[in-house]
Amino acid sequence: MPGYISKETIDAVKNKTDIVSVVNEYTRLERRGSDWWGCCPFHNEKSPSFHVEPDKCFYYCFGCHASGDVITFVMEMEKISYPEAVLQLAKKAGIEVKYKDGAVHSEDFKKNEELDQILDLYERTASLFHYFLLETEQGKRALEYVTKRGLTLETIKKFKLGYAPADRKWLKAFLLKKNFSNEFLNKSGLFSQKYPDYSFFSDRLMFPIFNRKDQVVAFGGRVLPPASEDQRKYLNSGDMLQFKKRETLFGFNFAKKSIRENKKIIFCEGNMDVIAYHQCGLDFAVATLGTAMTEEHVNMIRGFADTVLLSFDSDSAGQKATVKAILLCRKAGLQVKVIVLSGGKDPAEIMLKFGAEVLKKNVDDARLDSAFLLSKLAKDYPVETADGKTKAALEFFPYIDSLQSDIQKESCLEQLVQAFNLNPEAVRRDFNNREQARERVGSSQSTVKQPVREVKLNSELRVLLAVIADLSQFAKVRNEISVNDFDDSAAKSIFIALEECFRADDLTFVSVLNHCNDKELQQLITKVIEAKEFSKNENQIVQDGIRLIKRKKLEKQREKLMNRIRQLKPATVQEQQLMQELLAEKMNIDRKLNSTM
């Protein structure tokens, strides 16, 4: 029977632990007299009602009535048992843990001991990777890559970037010599499940992922150029005892102090984006880890920040992620702005080309989420028509629903009226009866506007259906072509579904189907896959399809270029120089076209 932690130990933990410093890791507290106040980390609120009394080691929320001592707080926030919380706090305070009846172990102790071993392993491995990057010939290519991307040595050391050696057997052999057991290493998440002697990460730039306590709990690995077609650009550790993707943010440990001081946070898509922002002095940036933003992520930052700035990609998948994140943050009572990057495809490129000031200006010029959404709707729908205005308004209503204040809702309804020149009374009627309005529009679409269509196979659809037959090929496809390279609308929809699933680390057949909103497309995908049309030659179909799509793209570029050349009548030196540049560009396209034959 497991031993029980003694009352002496529990009392020591309560008396020697600073409850204010513990709570401050989860929400921002401000002193008022001898007590501390902040927004409650257990429920959504904007006005601080969470009260901490350090003398009594006690907290109480006047809103949701959550209460308890420092042990209870850690239990609720970390979702762990009472003994685990005591062990965690005792270790932090340097308190010796004693057990009743002379017992020295318990199940909770064993679990805590295993967690300590895992954290020790990951810290050592991060140090190894860091050494390989900075001090070895093997890591030179990775070091040159990050240096060319504009990262300074100070930044590299701050984030403890590393390099995983190409020899996939080296790490296991090295760690065995350091007295780690083979059984322990096999379940550590550092090695392949299928081939336990092989490292999960090899020949990659490594990003240690820290928890809020600055402990390494996982890794992200980026493939180095030139990469083979079948390599995934990014890999993240899987969920384990010490790491949950849905509850972890890259860079949060470095950013939380600045987030608390600035009361705002930048959400990015990638690790390099976060690092670029930090190097430019915008050190309140974080990123999700291969997943879309979750409620757990929002709960992590809600007690620290009032405003969320979203810095996602401008492609279709990035735009969808932005809209979802806006609604999630607004429902949590947070203000939201959207950063529109200018001058580069991502923060790292802007930093490299133009420096920190341009990136800071992009952040300063971030658009209000309502303005961003209205602008997006104006592009997505023909708002010069009554039908387009109706659809745009209905899509804007969920945003208004997510707002916490009636004044905010009224203001946004007015913005909608002004943006699309609508009748205010009609807008309010439709908003107040929005479910019926959606049904009316849906009914008219199904009976009149959108007759059932049969999706027909073409070369673009064939390549993506072949990818669905073998989803491991999508990493290669997305490195070669993008959604904008497709002409067929159905093919675009499938590519976006594949991209969304890939970014969410949920690339399965069922998930792709669920992300395709078009029923005819779903039927086509199911029918073709069940018929096993691509069961034998999907690899060749994908290769041929990529080549064909790239060729069509080049042909379009060549045609545009030829039109410019035909229209140009070089009379000045500058025009003659431009003609030379255009002809050189044409020759380059011609070479690429020949290579796709």
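Let's see how each residue does on (1) of a type in the set (A, V, I, L, M, F, W, C); (2) over 32 Å from the mean Cα position of the chain (by Cα); (3) open to solvent by 60 Å² or more (accessible area, probe 1.4 Å):
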residue	(1), (2), (3)
Ser6	no, yes, no
Val13	yes, yes, no
Val22	yes, no, no
Thr27	no, no, no
Asp35	no, yes, no
Cys40	yes, no, no
Glu45	no, no, no
Lys56	no, yes, yes
Tyr60	no, yes, yes
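Does Arg168 fit the bill of being open to solvent by 10 Å² or more (accessible area, probe 1.4 Å), among the basic types (Lys, Arg) and assigned to a helix (DSSP H, G or I)? Break it down stepwise before answering.
Values: open to solvent by 10 Å² or more (accessible area, probe 1.4 Å): yes; among the basic types (Lys, Arg): yes; assigned to a helix (DSSP H, G or I): no.
Against the criterion (open to solvent by 10 Å² or more (accessible area, probe 1.4 Å), among the basic types (Lys, Arg) and assigned to a helix (DSSP H, G or I)), Arg168 does not qualify.
Yes/no per residue for (1) in contact with a Cys (Cβ under 8 Å, 6 or more places away or on another chain); (2) surrounded by fewer than 20 Cβ atoms within 10 Å (Cβ to Cβ); (3) closer than 14 Å to Phe312 by Cβ:
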position: Gly238; (1), (2), (3): no, yes, no
position: Leu241; (1), (2), (3): no, yes, no
position: Leu249; (1), (2), (3): no, no, no
position: Glu269; (1), (2), (3): no, no, yes
position: Ala276; (1), (2), (3): no, no, no
position: Gln279; (1), (2), (3): no, no, no
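Given segment 281-360, what strands (runs of 3 or more DSSP E) lie entirely inside it while holding 1 or more residues that are open to solvent by 10 Å² or more (accessible area, probe 1.4 Å)?
On the way: elements: 285-287, 307-311, 335-338.
Answer list for segment 281-360: 307-311, 335-338.
Between residues in segment 51-65 that are without any contact (Cβ under 8 Å) to a residue 24 or more places away in the chain and among the aromatic types (Phe, Trp, Tyr) and residues that are open to solvent by less than 60 Å² (accessible area, probe 1.4 Å) and part of a strand (DSSP E or B), which pairs lie under 7 Å by C-beta distance while being six or more apart or on different chains?
What qualifies is Tyr60/His51; Tyr60/Ser67; Phe62/His51.
Specify the residue that is nearest to Gly270 (Cα to Cα); the eligible residues are those in segment 170-218 that are touching a helix residue (DSSP H, G or I) at 6+ places or on another chain (Cβ under 8 Å) and hydroxyl-bearing (Ser, Thr, Tyr).
The selected residue is Ser199.
Check off (1) without any contact (Cβ under 8 Å) to a residue 12 or more places away in the chain; (2) within 20 Å of Lys158 (Cβ to Cβ) for Asp273 and give me the number that stays unchecked.
Of everything listed in (1) without any contact (Cβ under 8 Å) to a residue 12 or more places away in the chain; (2) within 20 Å of Lys158 (Cβ to Cβ), Asp273 misses just condition (1).
Given the criteria at pLDDT below 95, of a type outside the set (Asp, Glu) and touching a strand residue (DSSP E or B) at 6+ places or on another chain (Cβ under 6 Å), does Arg149 qualify? Reasoning before the result, please.
Details: at pLDDT below 95: yes; of a type outside the set (Asp, Glu): yes; touching a strand residue (DSSP E or B) at 6+ places or on another chain (Cβ under 6 Å): no.
So Arg149 fails the test.
Collect the residues in segment 477-487 that are in a helix (DSSP H, G or I) and buried (at least 20 other Cβ atoms within 10 Å of the Cβ), keeping them in residue-number order. Step through it out loud before you land on a result.
Here is the first cut: in segment 477-487, the residues in a helix (DSSP H, G or I) are 477-480, 483-485.
Hit for segment 477-487 is Val477, nothing else.
The values are calculated or read from the model by the stated rules, or taken from the named source; none is laboratory data. Since we're looking at a predicted model, the values are computed, not measured. No Cβ is skipped: glycine too gets one built from the backbone with ideal geometry, and neighbour counts run over all protein chains shown. Quick note on the areas: whole protein, heavy atoms, side chains included, nothing else; ligands and nucleic acids left out. Shrake-Rupley method; radii C 1.70, N 1.55, O 1.52, S 1.80 Å.
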